[in-house]
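Bear in mind these aren't lab numbers, they're just calculated from the coordinates by the rules spelled out. Owing to the predicted nature of the structure, the values given are computational and were not obtained by experimental measurement. Positions of Cβ are generated from backbone atoms using ideal geometry, with glycine treated the same way; all protein chains shown enter the neighbour counts.
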Amino acid sequence: MSFALNPDEMKALIFVPDQELAALAADLSLLVDEEIDRKAMVEAMLPRLLAVAKMEGLPFSKYDADDLEELPTMHREALAKAMGWSTSVRAMLRAGGKVYKIYRKERTNSQIPLMLPLLLPMLARYASEAGER
């Protein structure tokens, strides 16, 4: 599958410090080049982040409600299906809240909960285009 970030998604990444992207890449077991190509790095991260979502779910908090509601229905449903969760925002927040607690206890330095709101639209679109319907 060939997935590419669109210009609006790239705009969202402009102000993210390179160190945060590199830390997230490390969380996802990606090697980081000396010079960071944001587009290529995020495009490489999305399949790995979706794999994490499939294995353990995503860490959502109550503050992610608006972000989930703003997703196109098809994209939110694809992401929920990938995790084996109900597609309602409320159910996703409840299940994601349990995952979030694990991150707070066991993975306190993980960038995934911090970067998830920014990457959520990209990840959900990726899940949809990857056929997670």
Give 11/54; 11/39; 62/98 a once-over and call out the pairs whose C-alpha atoms are over 20 Å from each other.
11/54
At residue 20 and residue 98, where each label point lies 7 Å from the Cα along Cα→Cβ, what is the point-to-point distance in nanometres?
2.9
Cα pair count fraction exceeding 28 Å, expressed as % - the chain
10
Using a 10 Å cut-off on Cβ atoms, rank the peptides 104-114, 87-97 from the highest mean neighbour count down.
87-97, 104-114
How much mean residue ellipticity at 222 nm does the chain get from its helices, if each DSSP H run of length 4 or more adds -39500 (n - 2.57) and you divide by all residues, to the nearest 500 deg cm²/dmol?
-21000 deg cm²/dmol
Which order, highest average first, do 9-21, 43-55, 64-76 follow once you tally other Cβ atoms within 10 Å for each residue and take the mean per peptide?
43-55, 64-76, 9-21
Unit charges on C-beta of K, R, D, E only; dipole of the stretch 11-129, Debye:
700
